[in-house]
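Visitor: Attaching a single structure in structure tokens format; questions to follow.
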Amino acid sequence: MRWLNRTCKETAALLIAREDRLLPWADRLALRAHMLVCEACPRFEKQVLHMRSAMRQWRNYTTLDGS
Ligand SMILES: [Zn+2]
């Protein structure tokens, strides 16, 4: 199961990459596996999700502005 062992650094990179593109299933699985054993990365994921919704609101705002 060596390939399931991701470091926090790799997991953080995956979480960010996931915002832009669909990850291969192996990466998604490794991500989930790491989330189960790590305390820091789920916290980081929350931040990424929060950032995503903030970005969406910002985009909507600039679109509505229309200029
Ligand atoms: Zn971690």
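The values are calculated or read from the model by the stated rules, or taken from the named source; none is laboratory data. Remember, it's a predicted structure, so these values are computed and weren't measured experimentally. Cβ coordinates were reconstructed from backbone atoms using ideal geometry, including for glycine residues, and neighbour counts include every protein chain displayed. Accessible surface is based on the protein model in full, side chains and every heavy atom, while ligands, DNA and RNA are left aside. Shrake-Rupley method; radii C 1.70, N 1.55, O 1.52, S 1.80 Å.
Visitor: Out of the residues in region 1-39 that are within 10 Å of the ligand (Cβ to nearest atom) and not in a helix (DSSP H, G or I), which is least open to solvent (accessible area, probe 1.4 Å)?
Guide: So, considering only residues that are within 10 Å of the ligand (Cβ to nearest atom) and not in a helix (DSSP H, G or I), the one least open to solvent (accessible area, probe 1.4 Å) is 38.
Visitor: When region 1-49 is examined, which residues are found to be in contact with a His (Cβ under 9 Å, 6 or more places away or on another chain), touching a residue at least 24 places away in the same chain (Cβ under 8 Å) and aliphatic (A, V, I, L, M)?
Guide: 4
Visitor: Now for a different question. Do we have residue 52 as open to solvent by 90 Å² or more (accessible area, probe 1.4 Å), away from the ligand (no atom under 16 Å from the Cβ), touching a residue at least 12 places away in the same chain (Cβ under 8 Å) and part of a helix (DSSP H, G or I) here? Give the derivation first.
Guide: Numbers: open to solvent by 90 Å² or more (accessible area, probe 1.4 Å): yes; away from the ligand (no atom under 16 Å from the Cβ): yes; touching a residue at least 12 places away in the same chain (Cβ under 8 Å): yes; part of a helix (DSSP H, G or I): yes.
Yes.
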